[in-house]
Amino acid sequence: MGQDVYQHTFPNGLTLLAERMEHVRSAAMNFRVPAGCVNDPPKHRGIASVLAEMITRGAGERDSRQLSLALDNLGFDRDESVGPMQISFWGSTLARNLPPALEIYADILQRPRLPKEELEPVQSLAIQDILSLEDEPRQKVLIELNQRHFPPPLGQDRRGTREGIESLTPKIVRDHYARLFQPRGTIMSVAGNIEWEPLREQVGRLFGAWKPGQEPELALGKTPPPVEHIQKETTQTQIGIAFPSVPFGHDDYYAALGAVNVLSGGMSARLFTEVREKRGLCYAVWATYKTFKDRACILCYAGTTNERAQETFDVTVAELQRLKDGIEEEEVERVQAGLKSSLIMQEESTSARAGTLASDWYFLGRVRSFDEIQSAINDLTPKSILGYVHRYPPANFTIVTLGPKPLKV
Amino acid sequence: MPFHSQILKNGLKIIGETSPSARSTAIGFFVRTGARDETPEVCGVSHFLEHMVFKGTPRRTALDVNRDFDRIGAHYNAFTSEENTVFHAAVLREYLPQAVDILSDILRPSLRGDDFDMEKNVIIEEIGMYEDQPTWSAYDHAKKAYFADHPLGNSILGTPDSIRALTRDQMHAYFERRYVASNITVAAAGRFEFPALVDLVEKACGAWNGAAVGRQGIRPTAGSGKFEVLTKEKVTQEHVILMASGPAADDPLRHSADTLALAVGDDSGSRLHWELVDPGLADSADCSFHEYEGTGSFYTSFSCDPERARENLALVRKVLTDVQRDGITDAELQQAKSKILSRVVRGSERPMGRMQAIGMAWTYLKQYRSVDDELQAFEAVTLKSIREVLEKYPIERTTTLALGPLAGLEK
């Protein structure tokens with residue numbers, strides 16, 4: 001399939017990526033700044049989330065309301081999300097409205113006002129964000145699972161702690177911004193009905209003078225004990241299980257993806273079939289892949305009525321371990337069909353493409369072509385997946401449960 | 001993008017919008033049946049039946065159904081609402097014949113007794129999952145409080161008791177009555193040939209029963225006007241929903257109602273955002289407009305620290321009263337229109353989005369609505385038409401439901 005993909009790294013380190021999609025009228029943008037929550041100082045945990053919320057509250061010539069109105073008038077739907085490594089800025093609108101939106105983002109990233117009167121409301125929102133997690137048991141168990149599986153600060157939750165958020169002052173937030181927001185390591189990707197040359201010229205004009213800084217260093221702590229039960233009087237018990245896999249870009253990456261999809265790639269995949277369809281143990285059960293640059297894991301989730309929780313757990317773990325016993329040709333064919341169809345359908349979504357360009361660049365320092373991915377999918381066989389499973393067997397589980405009673409694990 | 005339609009002899013409707021630049025094709029079977037069409041003794045049957053449709057036919061076991069979909073890399077699912085049960089799949093175009101074959105086959109399910117008993121457990125798990133999510137629970141209770149004895153107040157999932165009591169024969173009788181050809185629309189969008197689609201559907205569905213079926217209790221409601229507080233000590237935040245009446249799905253005022261809701265409670269730059277979320281008083285606050293057959297409603301909701309719930313409720317009421325008295329400003333109208341224009345265009349770029357849009361339009365309006373028709377209808381919204389909505393459907397005349405740790409939340 002013909003693809004129009006462009007890349008340019010400016011002298012200050014900012015990388016611009018773009019894909020021209022002629023058949024759409026929209027364009028999507030994804031900006032990733034290496035200021036994720038792993039950089040939160042231990043006594044100010046939650047600062048990345050506070051900064052992401054404050055940074056759009058006025059920038060350059062515009063105050064908070066003027067900025068919001070300017071983006072709304074461009075029909076620019078947007079969101080800021082805080083990941084472990086990066087703060088991401090997402091947005092999409094009609095392609096012709098993208099250039100004026102980029103002018104506004106040049107202010108947000110380089111000239112945010114971070115007004116002191118906005119800190120208190122943002123702190124209040126951040127604390128409510130932590131509290132409302134108590135009303136979302138599924139999310140709670142997955143957050144806890146990440147924190148127990150990866151060494152700190154890799155797995156730590158972006159929400160931080162109440163104490164960390166309450167400790168912030170306007171100066172601390174501004175210093176954090178000044179330390180981490182910089183062009184080196186920042187990725188900007190755009191996909192949609194755009195023209196490359198004018199885009200590159202505009203981004204160069206808007207961001208060319210942005211001064212590079214130091215890239216932050218990361219020291220890892222000790223991983224906490226791998227088994228935890230969170231006591232809560234809920235209707236269902238939530239179960240989270242994680243075990244190590246290989247990172248994105250590893251020789252075994254596609255085989256790992258194959259293994260995850262054998263477990264959870266469609267409704268005929270193993271977990272859904274064995275846990276839900278054959279035994280009626282739960283409504284939701286799935287596995288997914290999560291990666292950092294140097295490590296990765298497979299995460300599994302199941303939510304089930306308390307009386308059936310033990311059986312659900314036992315059946316799920318047995319399915320993970322059964323991977324080693326063999327994988328059928330038929331299963332691999334279904335996995336390949338699913339992966340290929342997702343690959344092609346992604347070409348219909350500007351925001352999906354913008355996201356993939358940026359994550360490819362972050363992990364690999366290049367953008368994978370459609371043909372490269374398709375051929376890697378075609379090359380999957382029961383043998384290649386099984387080889388991976390034997391090299392990285394489902395073992396050394398991290399297990400977190402939430403509900404009225406702990407399980408036997 | 002060219003539009004096509006055809007009605008088979010048994011009354012089954014087939015519609016399609018073709019788009020040569022699309023990479024895939026989306027297809028959906030829209031059955032005009034849902035919770036509002038249930039009697040109390042079969043509460044939850046529409047949604048349970050949606051699950052049973054995937055459990056196999058004389059030609060396929062449950063596992064075959066899932067495997068056949070996965071073999072063609074389909075992105076497939078189904079959903080049940082108050083008024084519709086929709087089964088859909090997006091596939092690469094070469095797999096459209098297989099997708100039609102599977103969907104048409106499963107729409108005549110065997111409803112085998114042992115599958116029925118097993119799937120009861122899954123439904124009860126699904127109810128349990130939602131019970132643990134106060135946001136969803138509050139929405140369900142608010143609908144019940146507002147619609148009271150109106151059929152739109154019927155629970156979609158049912159209760160563990162109603163599901164346990166349901167028999168396979170009751171479900172079969174409901175299926176026979178509601179899943180007739182005349183009550184189903186097949187909609188497709190993306191890259192495909194319409195005549196070929198008609199051939200496929202006619203071969204697969206031409207022999208389906210064509211008996212007529214209706215819908216009882218289509219009428220407007222202004223809501224009960226109740227004020228209910230449901231105390232749940234284990235819930236952390238207070239979740240409050242205020243409902244008011246609005247225009248129906250076929251009312252020309254619906255675009256004005258949508259625009260009004262966006263100006264009042266979109267997640268950026270709206271009145272509720274500036275009043276409650278921006279100052280950090282609530283972790284969420286929004287307003288949306290839902291349209292149904294015969295009536296519509298505005299859902300205004302927020303969640304916050306219980307200690308702030310009373311003062312926030314007063315603020316929300318003041319926003320609604322101000323809007324009722326003065327309407328919105330011209331600047332707010334233009335801002336809302338810019339957002340809608342962008343959302344309509346982006347939502348139409350994927351075949352799945354267009355398939356859902358044309359399927360719903362055909363189900364409710366019996367007409368085709370192109371992207372440009374929708375854009376023009378929103379462009380035509382004026383401050384005057386918004387005033388007309390407010391006169392006919394006062395947004396401040398609310399039914400209120402609060403769910404959370406609070407024991408009371410007096411007006």
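The values are calculated or read from the model by the stated rules, or taken from the named source; none is laboratory data. Worth saying up front: this structure is predicted, and the values here are computed from it rather than measured. Here Cβ is always computed from backbone atoms with ideal geometry, including for glycine, and neighbour counts include all displayed protein chains.
Of note:
- Test for A:Tyr254: is it under 20 Å from the mean Cα position of the chain (by Cα) and not in a helix (DSSP H, G or I): no
- A count restricted to region A:200-241 and to residues that are within 14 Å of another protein chain (Cβ to nearest Cβ) and part of a strand (DSSP E or B) stands at 6.
- Failed item, numbered, when A:Leu257 is tested on (1) aliphatic (A, V, I, L, M); (2) modelled with pLDDT of 95 or more; (3) surrounded by fewer than 18 Cβ atoms within 10 Å (Cβ to Cβ): (3)
- Restricting attention to region B:358-373, the residues that are more than 14 Å from chain A (Cβ to nearest Cβ), touching a residue at least 24 places away in the same chain (Cβ under 8 Å) and assigned to a helix (DSSP H, G or I) add up to 7.
- Any hit, region B:85-106, residues being within 8 Å of chain A (Cβ to nearest Cβ), within 25 Å of A:Arg276 (Cβ to Cβ) and not in a helix (DSSP H, G or I): yes
- The numbered conditions (1) more than 18 Å from A:Asn146 (Cβ to Cβ); (2) within 14 Å of chain B (Cβ to nearest Cβ); (3) modelled with pLDDT of 95 or more are all true for A:Glu307 except (3).
- Boolean, A:Thr398 is in contact with a strand residue (DSSP E or B) (Cβ under 8 Å, 6 or more places away or on another chain), of a type in the set (Val, Ile, Thr), surrounded by 19 or more Cβ atoms within 10 Å (Cβ to Cβ) and within 14 Å of chain B (Cβ to nearest Cβ): no
- Search result, residues across region B:214-242 that are under 22 Å from the mean Cα position of the chain (by Cα) and within 14 Å of chain A (Cβ to nearest Cβ): B:His239, B:Val240
- The conditions of being buried (at least 22 other Cβ atoms within 10 Å of the Cβ), touching a Leu at 6+ places or on another chain (Cβ under 7 Å), under 19 Å from B:Ser46 (Cα atoms) and among the aliphatic types (A, V, I, L, M) are not met by B:Ile106.
- Filtered residues of region A:303-319 (kept if under 15 Å from A:Pro406 (Cβ atoms), outside any strand (DSSP E or B) and either under 28 Å from the mean Cα position of the chain (by Cα) or polar (S, T, N, Q) (or both)): A:Asn306, A:Gln310, A:Thr312, A:Phe313
- Test: residue in region B:292-302 that is modelled with pLDDT of 95 or more, among the charged types (D, E, K, R), in the same structural domain as B:Ala380 (by TED's automatic domain parsing) and in contact with an Asp or Glu (Cβ under 9 Å, 6 or more places away or on another chain): yes
- Considering residues of region B:286-310 that are among the aromatic types (Phe, Trp, Tyr) and closer than 18 Å to B:Ala402 by Cα only, the residue surrounded by the fewest Cβ atoms within 10 Å (Cβ to Cβ): B:Tyr299
- Looking only at region A:310-340, and only at residues there that are more than 13 Å from chain B (Cβ to nearest Cβ) and polar (S, T, N, Q), the one that is nearest to B:Glu131 (Cα to Cα): A:Gln310
- In region B:162-177, the count of residues that are among the hydroxyl-bearing types (Ser, Thr, Tyr), more than 10 Å from chain A (Cβ to nearest Cβ), outside any helix (DSSP H, G or I) and closer than 25 Å to B:Phe30 by Cβ is zero.
- Considered as a group, the residues in region A:349-377 that are under 27 Å from B:Val345 (Cα atoms) and of a type in the set (Val, Ile, Thr) include one that is surrounded by the most Cβ atoms within 10 Å (Cβ to Cβ), and that residue is A:Thr350.
- Subset of region B:38-67 (residues that are part of a helix (DSSP H, G or I), closer than 22 Å to B:Pro160 by Cβ, touching a helix residue (DSSP H, G or I) at 6+ places or on another chain (Cβ under 8 Å) and within 14 Å of chain A (Cβ to nearest Cβ)): B:His47, B:Phe48, B:His51, B:Met52, B:Val53
- Which numbered condition B:Glu349 misses (of (1) farther than 21 Å from B:Tyr292 by Cβ; (2) outside any helix (DSSP H, G or I); (3) touching a residue at least 40 places away in the same chain (Cβ under 8 Å); (4) in the same structural domain as B:Phe289 (by TED's automatic domain parsing)): (3)
- Any hit, region A:330-348, residues being crowded, with 21+ Cβ neighbours inside 10 Å and within 24 Å of A:Phe150 (Cα to Cα): no
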